[in-house]
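The values are calculated or read from the model by the stated rules, or taken from the named source; none is laboratory data. On a predicted model such as this, the values are computed, not experimentally measured, just so you know. Because the Cβ atoms are built from the backbone with ideal geometry, glycine has one as well, and the counts that use them run over all protein chains shown.
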Amino acid sequence: MRFLSELPAPVIAMFLFAVLAASPAAARIECRGNFQITKYGPISTPYCEEKQIARVARSYGFAVTDAEVRNNPNTKVYLCQMIGNDNRLKGSCGAYGERRIFPW
């Protein structure tokens, strides 16, 4: 500890700054509903749509994770067929919704 007390304060400050600046930034995808939030505005992405499906499924009592919906297409189809009528899933489950008998 004697070594640290002998160093001038600016050297210690520069060392701490270099260590903190070298650590990676926390890159995380932020989703709001079906949209990924970027600096250019919201963008519809499959990642956020699948995250929305998992979130709504959990609200209905299904025990699924975001990764399970993302990595298993059959889980996504099953959930969309079961709860696809929910208004929160209109964009996410559009292709897997109920079949309509009449064309109109």
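Okay, residues lined up against (1) crowded, with 16+ Cβ neighbours inside 10 Å; (2) more than 24 Å from residue 29 (Cβ to Cβ); (3) at pLDDT 95 or above:
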{"site": "52", "(1), (2), (3)": "yes, no, yes"}
{"site": "59", "(1), (2), (3)": "no, no, yes"}
{"site": "82", "(1), (2), (3)": "no, yes, no"}
{"site": "85", "(1), (2), (3)": "no, yes, no"}
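Consider region 29-51. How many of its residues are outside any loop (DSSP other than H, G, I, E, B) and under 19 Å from residue 67 (Cβ atoms)?
So the count comes out to 8.
Out of all the residues in region 56-69, which are in contact with a Lys or Arg (Cβ under 8 Å, 6 or more places away or on another chain) and either under 14 Å from residue 91 (Cα atoms) or part of a helix (DSSP H, G or I) (or both)?
Once the filter is applied, which keeps residues that are in contact with a Lys or Arg (Cβ under 8 Å, 6 or more places away or on another chain) and either under 14 Å from residue 91 (Cα atoms) or part of a helix (DSSP H, G or I) (or both), region 56-69 yields 56, 66, 69.
With respect to the numbered conditions (1) modelled with pLDDT of 95 or more; (2) of a type in the set (A, V, I, L, M, F, W, C); (3) touching a Phe, Trp or Tyr at 6+ places or on another chain (Cβ under 9 Å), which one is the sole condition not fulfilled by residue 77?
The failed condition is (1).
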